[in-house]
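Everything on this sheet refers to the single structure shown next.
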Amino acid sequence: MKKDGIEVKIGNSAFYFKLGNLLDEKNISKNKLGQDTGTDYKVVTRYINGESERLDLIVLERLCNYLDCELTDIIELKRNVFK
(Lines give C-alpha, C1' and ligand atoms only; values in the text may rest on other atoms or scores of the structure.)
Protein backbone atom coordinates (compact mmCIF):
# COMPACT_ATOMS: atom_id res chain seq x y z
CA MET A 1 0.00 0.00 0.00
CA LYS A 2 1.22 3.51 -0.78
CA LYS A 3 2.67 5.47 2.11
CA ASP A 4 0.01 8.17 1.70
CA GLY A 5 -2.76 5.61 1.31
CA ILE A 6 -5.07 4.83 -1.58
CA GLU A 7 -5.43 7.93 -3.77
CA VAL A 8 -8.84 8.83 -5.18
CA LYS A 9 -8.89 11.81 -7.54
CA ILE A 10 -11.83 14.22 -7.32
CA GLY A 11 -11.41 17.24 -9.60
CA ASN A 12 -8.06 18.87 -8.79
CA SER A 13 -7.97 17.32 -5.32
CA ALA A 14 -7.28 13.86 -3.95
CA PHE A 15 -8.63 11.90 -1.05
CA TYR A 16 -6.17 9.53 0.60
CA PHE A 17 -7.73 6.53 2.30
CA LYS A 18 -5.22 5.50 4.96
CA LEU A 19 -7.16 3.01 7.07
CA GLY A 20 -5.24 0.04 5.64
CA ASN A 21 -1.92 1.62 6.60
CA LEU A 22 -3.20 2.36 10.10
CA LEU A 23 -4.42 -1.21 10.59
CA ASP A 24 -1.03 -2.53 9.45
CA GLU A 25 0.75 -0.24 11.91
CA LYS A 26 -1.48 -1.36 14.77
CA ASN A 27 -1.48 -5.01 13.67
CA ILE A 28 -5.28 -5.16 13.55
CA SER A 29 -7.15 -7.14 10.91
CA LYS A 30 -10.15 -5.69 9.11
CA ASN A 31 -12.20 -8.60 10.48
CA LYS A 32 -11.29 -7.67 14.06
CA LEU A 33 -11.94 -3.98 13.40
CA GLY A 34 -15.36 -4.76 11.99
CA GLN A 35 -16.31 -7.10 14.81
CA ASP A 36 -15.04 -4.85 17.61
CA THR A 37 -16.70 -1.72 16.24
CA GLY A 38 -19.91 -3.29 14.91
CA THR A 39 -19.02 -2.11 11.41
CA ASP A 40 -19.91 -4.29 8.44
CA TYR A 41 -16.90 -5.99 6.82
CA LYS A 42 -17.84 -4.54 3.42
CA VAL A 43 -17.85 -1.00 4.83
CA VAL A 44 -14.41 -1.50 6.39
CA THR A 45 -13.13 -2.87 3.08
CA ARG A 46 -14.47 0.16 1.19
CA TYR A 47 -12.68 2.53 3.57
CA ILE A 48 -9.46 0.56 3.12
CA ASN A 49 -9.67 0.37 -0.68
CA GLY A 50 -10.85 3.94 -1.25
CA GLU A 51 -14.16 2.77 -2.68
CA SER A 52 -16.42 4.82 -0.41
CA GLU A 53 -18.42 7.43 -2.27
CA ARG A 54 -20.14 8.65 0.86
CA LEU A 55 -18.53 9.06 4.25
CA ASP A 56 -20.56 7.94 7.26
CA LEU A 57 -19.79 10.15 10.26
CA ILE A 58 -21.05 7.54 12.72
CA VAL A 59 -18.72 4.89 11.29
CA LEU A 60 -15.78 7.31 11.21
CA GLU A 61 -16.39 8.27 14.84
CA ARG A 62 -16.43 4.59 15.85
CA LEU A 63 -13.21 3.89 13.95
CA CYS A 64 -11.42 6.93 15.41
CA ASN A 65 -12.45 6.00 18.95
CA TYR A 66 -11.46 2.36 18.53
CA LEU A 67 -8.14 3.13 16.86
CA ASP A 68 -7.44 6.13 19.13
CA CYS A 69 -6.68 8.31 16.12
CA GLU A 70 -7.75 11.46 14.33
CA LEU A 71 -9.97 11.54 11.25
CA THR A 72 -6.99 12.58 9.12
CA ASP A 73 -5.27 9.33 10.12
CA ILE A 74 -8.05 7.49 8.25
CA ILE A 75 -8.98 9.84 5.40
CA GLU A 76 -7.20 12.95 4.23
CA LEU A 77 -8.06 15.51 1.56
CA LYS A 78 -5.25 17.25 -0.28
CA ARG A 79 -6.52 20.12 -2.39
CA ASN A 80 -5.13 21.24 -5.75
CA VAL A 81 -2.90 18.19 -6.18
CA PHE A 82 -3.67 17.99 -9.89
CA LYS A 83 -3.30 21.27 -11.78
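Modelled label positions at Lys26 and Asp68, each set 7 Å beyond Cα in the direction of Cβ, lie 0.9 nm from each other.
Note on Tyr16: accessible area approximately 10 square angstrom, rounded to 10, probe 1.4 Å, nucleic acids and ligands left out.
In the chain, the convex hull through the Cα atoms has an average projected area of 5.1 nm², a quarter of its surface area. Rolling a 1.4 Å probe over the protein heavy atoms of the chain, with every protein chain left in place, gives an accessible area that is 45 percent carbon and sulfur.
The residues of the chain present an accessible area of 67 Å² per residue when probed at 1.4 Å with all protein chains retained.
With a Cα cut-off of under 22 Å and a minimum spacing of 8 residues unless on different chains, the lysine pairs in the range 1-80 number 20.
Would you please name the trypsin sites (Lys or Arg not before Pro) within the range 22-69 that are DSSP coil residues with at most 16 other C-beta atoms within 10 Å of their C-beta? Mind dumping the intermediate values first?
On the way: sites: Lys26, Lys30, Lys32, Lys42, Arg46, Arg54, Arg62; in loops: Arg54.
For trypsin sites (Lys or Arg not before Pro) across the range 22-69 that sit outside H, G, I, E and B with at most 16 neighbouring Cβ atoms in 10 Å, the list reads Arg54.
Take the Cα of Phe82, step 7 Å toward its Cβ, do the same at Leu57, and the gap between the two points is 2.8 nm.
The values are calculated or read from the model by the stated rules, or taken from the named source; none is laboratory data. The structure presented is a predicted model; accordingly, all values stated were derived computationally and were not measured. Backbone-built Cβ (ideal geometry, glycine too); neighbour counts: all protein chains shown. Side chains included, ligands, DNA and RNA excluded: accessible areas come from the protein's heavy atoms. Shrake-Rupley method; radii C 1.70, N 1.55, O 1.52, S 1.80 Å.
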